[in-house]
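Worksheet for the structure shown next.
The values are calculated or read from the model by the stated rules, or taken from the named source; none is laboratory data. Just so we're clear, the structure is a prediction, and the values are computed from it rather than from any experiment. Every residue, glycine among them, receives a Cβ derived from its backbone with ideal geometry; neighbour counts consider all protein chains shown. All accessible areas refer to the heavy atoms of the entire protein, side chains included, with ligands and DNA or RNA removed. Shrake-Rupley method; radii C 1.70, N 1.55, O 1.52, S 1.80 Å.
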Amino acid sequence: MFWDNFSNWKEANEAWEQGAREAETKRPLKKLKVLPDMPGITPDTAKGLKWKSFKWMVTKDHERTILRGFLKHPFKYSWRYFKSFFQKSSFKREGDFFFYGIENEAEFKELLKSESLFVLGFSYCHKPFECPSGRFTEDCMHDPQNAVCRQCFIGKAVNASSQADTKPLFIPTVHYIAGKIFELLEKHPDKQILFLITACEMTLQMFGDWGNMAGIKGIGVRLDGRICNTMKAFELSEQGIKPGLTVVLEGTQERMLEILRQRRKEGKDEG
């Protein structure tokens, strides 16, 4: 990874940013020059959102990914799911950070010191339009020598992340990420799974109960820009129909990078 070529975080970050500026002069990417004034989840969509989530996960589980994972521990998962489902909210929130199974960012940073598996996930909808791996796909080159990857926040975050017990995931659908989490739970039964995953606010609200069911802990990062705020937009997005671009706001990027910096420190990737 790019960060491994430098003695400390500051040097690596400055070198990445210098390269990003140079890449932009050679091949500028399409960007949201001004963030659209997108409303939040519409009132009609917000009604019964937990039930809509349940219906979506069950009826769209065409490959039986959710069912197979659930049946590994049906009683444990049932108890956790309904315990979360009947709470007013499945998360706590501070700005663009949604906390699941934890109280705040400080608690999450403490958990990073433990023996854990760290899932670093990114919704496909904030890949650049020019992404060499394609947008609606689980693939990502994150090649620092590629002009597109060098300007992409996803590329930067993956290159900055620790290689120790870290699993980067690039998420086309909610069933994809759910399936991957079930796989990791079975492969690593003795490790706490921690996550830092980007998604639109609607997704973060809809599927928190499922993360709580799995017993994973972490932070969902709210995306801005051309977000999904209706069920119709969400349904189209799950089919790869997403003509707009979403973004992680600059201040939120810094918060994410600080978490990755600490994870590198705990993973002994840097002194």
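Out of Gly225, Gly244, Gly211, one residue alone is within 20 Å of Asn104 (Cα to Cα) and in contact (Cβ under 8 Å) with a residue 60 or more places away in the chain. It is Gly211. Here is the figure for the range 57-106: residues that are among the aliphatic types (A, V, I, L, M), open to solvent by less than 40 Å² (accessible area, probe 1.4 Å) and within 30 Å of Arg255 (Cα to Cα) total 1. Restrict the check to the range 260-270 and report whether at least one residue is within 25 Å of Ser89 (Cβ to Cβ) and touching a strand residue (DSSP E or B) at 6+ places or on another chain (Cβ under 9 Å). Looking for residues that are within 25 Å of Ser89 (Cβ to Cβ) and touching a strand residue (DSSP E or B) at 6+ places or on another chain (Cβ under 9 Å), one finds none in the range 260-270, hence no.
Exactly one residue out of Met213, Met256 is assigned to a helix (DSSP H, G or I), open to solvent by less than 40 Å² (accessible area, probe 1.4 Å) and touching a helix residue (DSSP H, G or I) at 6+ places or on another chain (Cβ under 6 Å): that is Met213. So which residues in the range 216-239 are in a helix (DSSP H, G or I), basic (Lys, Arg) and crowded, with 20+ Cβ neighbours inside 10 Å? Listed by number, the list is empty, since nothing qualifies.
Of all residues in the range 3-23, one or more are hydroxyl-bearing (Ser, Thr, Tyr) and open to solvent by 50 Å² or more (accessible area, probe 1.4 Å).
Tell me yes or no: at least one residue of the range 119-139 is under 12 Å from the mean Cα position of the chain (by Cα), under 25 Å from Lys83 (Cα atoms) and at pLDDT 95 or above. Within the range 119-139, one or more residues are under 12 Å from the mean Cα position of the chain (by Cα), under 25 Å from Lys83 (Cα atoms) and at pLDDT 95 or above.
For the range 186-200, a tally of residues being part of a loop (DSSP other than H, G, I, E, B), in contact (Cβ under 8 Å) with a residue 40 or more places away in the chain and either surrounded by 23 or more Cβ atoms within 10 Å (Cβ to Cβ) or not basic (Lys, Arg) (or both) returns 2. Based on what the data block shows, is Thr203 in contact (Cβ under 8 Å) with a residue 40 or more places away in the chain, among the hydroxyl-bearing types (Ser, Thr, Tyr), assigned to a helix (DSSP H, G or I) and within 28 Å of Pro39 (Cβ to Cβ)? Yes: the conditions hold for Thr203. The residues listed here are Phe118, Phe136; of these, the one that is open to solvent by less than 10 Å² (accessible area, probe 1.4 Å) and either closer than 21 Å to Phe207 by Cα or outside any helix (DSSP H, G or I) (or both) is Phe118. Taking the range 123-133 as the region of interest, how many residues are free of Cβ contacts under 8 Å to residues at least 60 places away in the same chain and buried (at least 17 other Cβ atoms within 10 Å of the Cβ)? Of the residues in that region, 3 qualify. Residues considered: Ala147, Ala157, Ala178. Of these, the only one that is small (Gly, Ala, Ser), in contact with a strand residue (DSSP E or B) (Cβ under 9 Å, 6 or more places away or on another chain) and open to solvent by less than 40 Å² (accessible area, probe 1.4 Å) is Ala157.
Summed over the range 36-56, residues that are open to solvent by 100 Å² or more (accessible area, probe 1.4 Å) and within 20 Å of Asp209 (Cβ to Cβ) total 3. In the range 53-73, the residues that are among the hydroxyl-bearing types (Ser, Thr, Tyr) reach residues that are outside any helix (DSSP H, G or I) with C-beta atoms within less than 9 angstrom, at least six apart or across chains, in these pairs: Ser53/Phe207. Scanning the range 211-235 for residues that are closer than 30 Å to Asp190 by Cβ and among the hydrophobic types (A, V, I, L, M, F, W, C) turns up Met213, Ala214, Ile216, Ile219, Val221.
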